[in-house]
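Report on one structure; see the data block that follows.
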Amino acid sequence: MIPTSLSTARLALHSSRSRLSSTRLKPFTFLRMASTSVNISAFGLKDASLIRSQGFIDGKWVDAKEGGKIQVTNPATGEELGHVPEMGLEETREAIAAASNAFVTWSKTTAKERHDLLIKFYQLMRAHDDDLSRLITVENGKPLSEGKGEHVYSASFLEWFAGEAVRTYGEVIPAAQSNLRNVVIKQPIGVVSILTPWNFPSAMITRKLGAALAAGCTAVIKPPAETPFSCLALAELATRAGIPPGVINVVTTSANIADVGKELCEHPDVKKVSFTGSTAVAKMLYGYASKTLKKVSIEAGGNAPFIVFDDADIDAAVAGAISCKFRASGQTCVCANRIYVQSSVYAEFASRLAEKVAQFKVGNGLDGATTHGPLIHDRAVQKVEKHVEDALSKGAQILHGGKRLSGSGSFFAPTILSDVPADALVNHEETFGPLASLTKFETEEEVIKLANDTPFGLAGYFYSKDVSRVWRVAEALQVGMVGTNTGLISQAVIPFGGVKESGLGREGGHGIEEYMNTKFIAFGL
Ligand code: SIN
């Protein structure tokens, strides 16, 4: 926490941009800015001016036209963090207009200029490592160690795409006729709508925004209503880095997806939509975007299998299962959802996993001892409850946990269920919570069939020391990403994305391509 006097001094800097006169700055911790407000002390940042509580359109911090507000709370404590504007169609259209105007000049900047601005933006993120990590933890609930991990991951997308900006090479293609020369160039696609989830309040934004800006596109971001403050802090830092007005716009809303989300997909001036979230919402947005045949990137739900073969290093498999299943308390799209263990090592794996999970410390992510935080809200807790009850009713047994935890936050005990039958809900739907579901299998053929028996195909994991099996299984899993002998695969440099109903396109890696049009030019001689 910062001393009140220091926080007041820092807020004075902030207030010049938020129409709050310095004479009104008293040593209080609940700061009202126009119609929105933030509970500054609940964040405990060194630089409180990173906390913005208004939308951001055309380089200006703005409130909702109709004055509506969304309340944001800390999921670990239920404490009110503040409010952000409840924006609607009018603000969304203004943001799209601002991004369209800015595109005229931003798209003509050189790749080197965009590279340099992205590096500056990256450096500013890294200069605020502690504050931005803490901000993630306060609004999302993940432990501070994971908040730090996400923050560094988030910044790495800006650094990576700065490098990609200067490598958007075209092609010269030998012509079929002697009087022709063929050239291919890459051009930024235009205004991009970015819709992101609450489970990674920062990294899911930079993964899309970094690529869009590097390509020469401008953006309208709709951050999640649960965790808008990390996104607004990024807009603040982008401004400090010198990214011009209108290039990045943020519309805060909790509106139904069929309202603001629809506009972001249907508006004719938007040329590309990038979404991370549930498959159900992805299908709606894809439908809206199809009306104008927009380019779409979707990273949707997963139902990742995690397979332990009898030739695996069991200690490594247990460690992998813990990070893969329980990262963010099970709230990642790439989390293991179904753990299949070969019968001869099943008992050993299950008991070692239960031993490790029993050592977890569940609590407020800001507490240094906490290893696992809350779920985002009570609906999330209810879903885990439903999956546990369903599995138990079908014959599964509890090895550890199994119930919600009392207290003010939305906590569910890290849980292990054994002997979960194939028809249990958890084997067919993403739980998005701290539930490790164990099922026994006999043969490689059987487990591949089980693993692929899902409409989803984001990530899949397995542990084996047999190199032939490693190749066979990696090729057989119907997913976009495979972890063999590792439970953590996420990095800025990889093509992140899924197959089947888990998504379209790839982010990270060479994902800048998704934000560019390919143009062929024939030169007649
Ligand atoms: C997600 O859960 O959507 C992303 C997870 C990651 O990037 O690791």
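Any read-out appearing in this document is the output of simple, stated calculations on the displayed coordinates, not a laboratory observation. Everything numeric in this text was worked out from a predicted model, so none of it was measured. Using ideal geometry, Cβ is built from the backbone for each residue, glycine included, and neighbour counts are taken over all protein chains shown.
For each of Y288, Y122, Y463, count neighbouring Cβ atoms within 10 Å of the residue's Cβ, then give the residues from fewest to most.
Result, fewest neighbours first: Y288, Y122, Y463.
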Can you work out the FRET efficiency for the pair K449 and S344, with r the C-beta to C-beta distance and R0 = 30 Å, to the nearest 0.05?
0.95
Rounded to whole Hz and in sequence order, give me ³J(HN,Hα) for region 433-441 from the Karplus expression 6.51 cos²θ - 1.76 cosθ + 1.60, θ = phi - 60°, writing x for Gly and Pro.
x, x, 10, 9, 10, 9, 9, 7, 9
Rel. contact order, % - alpha carbon contacts under 8 angstrom, at least six apart, the chain:
16 percent
Modelled label-to-label distance, D310 and E355, 7 Å Cα→beta-carbon offset: nm?
2.2 nm
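Tell me whether region 274-368 comes out rounded, prolate or oblate; compute the Cα gyration tensor, take square roots of the eigenvalues as a ≥ b ≥ c, and use a/c under 1.5 as the rounded threshold.
Values: a/c = 4.09, a/b = 1.89, b/c = 2.16.
Because a/c hits 1.5 or more and a/b fails to exceed b/c, region 274-368 counts as oblate.
Quick one: of the DSSP bridges fully inside the chain, what percent are antiparallel, nearest 5? Kindly include the intermediate steps, with their values, before the conclusion.
Working: 36 of 74 bridges.
Bridges in the chain that DSSP calls antiparallel: roughly 50 percent.
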Give me the number: length gained by fully extending S408 to S393, i.e. 0.36 nm times residue separation minus the C-alpha to C-alpha distance, one decimal in nm.
2.5 nm
Inter-part gap, Cα centre of region 483-516 to Cα centre of region 305-367, in whole angstrom, is 23 Å
Here the residues of region 493-524 lying in the modelled label zone of L180, meaning backbone nitrogen under 20 Å from a point 7 Å along Cα-to-Cβ, are 518-524
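Test of understanding: what is the full-extension gain from R469 to E171, defined as 0.36 nm times their sequence separation minus their Cα-Cα distance?
Numbers: separation 298, 0.36 × 298 = 107.28 nm, distance 3.92 nm.
Contour length minus Cα-Cα distance gives 103.4 nm.
May I ask you to sort T292, T253 by Cβ crowding, counting other Cβ atoms within 10 Å and putting the fewest first? Can you show the working numbers first?
Numbers: T292 13, T253 26.
In order of increasing Cβ crowding within 10 Å: T292, T253.
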Among rounded, prolate and oblate, which fits the chain when a ≥ b ≥ c are the square roots of the eigenvalues of its C-alpha gyration tensor, a/c under 1.5 means rounded, and a/b larger than b/c means prolate?
oblate
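A 28 angstrom limit on the alpha carbon distance is what I want to check against. Which of K295/K500; K142/K271; K262/K500 exceed it?
K142/K271
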In what sequence, highest mean first, do 392-402, 232-242 appear when ranked by Cβ atoms within 10 angstrom?
232-242, 392-402
Exposure proxy order (Cβ contacts within 10 Å, fewest to most) of C335, C265
C265, C335
Kindly write out, for region 186-198 in residue order, the coupling ³J(HN,Hα) from the Karplus curve 6.51 cos²θ - 1.76 cosθ + 1.60 (θ = phi - 60°), rounded to whole Hz, with x marking Gly and Pro.
10, 10, x, 6, x, 6, 10, 8, 10, 10, 10, x, 7
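Counting Lys +1, Arg +1, Asp -1, Glu -1, what net charge surrounds P201 among other residues with beta carbon under 9 Å of its beta carbon?
Details: positive: none; negative: E139, E150, E226.
Value of the local net charge: -3.
Could you calculate the FRET efficiency of K108 with N485 from 1/(1 + (r/R0)^6), where r is the beta carbon distance between them and R0 is 60 Å, rounded to 0.05? Kindly include the intermediate steps, with their values, before the conclusion.
Working: r = 47 Å, r/R0 = 0.79.
In this case the efficiency is close to 0.80.
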Need the full-extension length gain, R126 to D378, defined as separation in residues times 0.36 nm minus the C-alpha distance. One decimal, nm.
87.4 nm
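Given Cβ point charges of +1 (Lys, Arg) and -1 (Asp, Glu) and nothing else, what value in debye, to the nearest 20, does the dipole of the chain about its Cα centre take?
Working: 54 positive and 54 negative charges, 336 e Å.
Using only the charged Cβ atoms, the result is roughly 1620 debye.
As a quick test, which of the pairs K108/K272; K120/K291; K403/K465; K65/K112 have an alpha carbon distance above 28 angstrom in this structure?
Values: K108/K272 18 Å; K120/K291 38 Å; K403/K465 36 Å; K65/K112 38 Å.
From the list (K108/K272; K120/K291; K403/K465; K65/K112), the Cα-Cα distance tops 28 Å for K120/K291; K403/K465; K65/K112.
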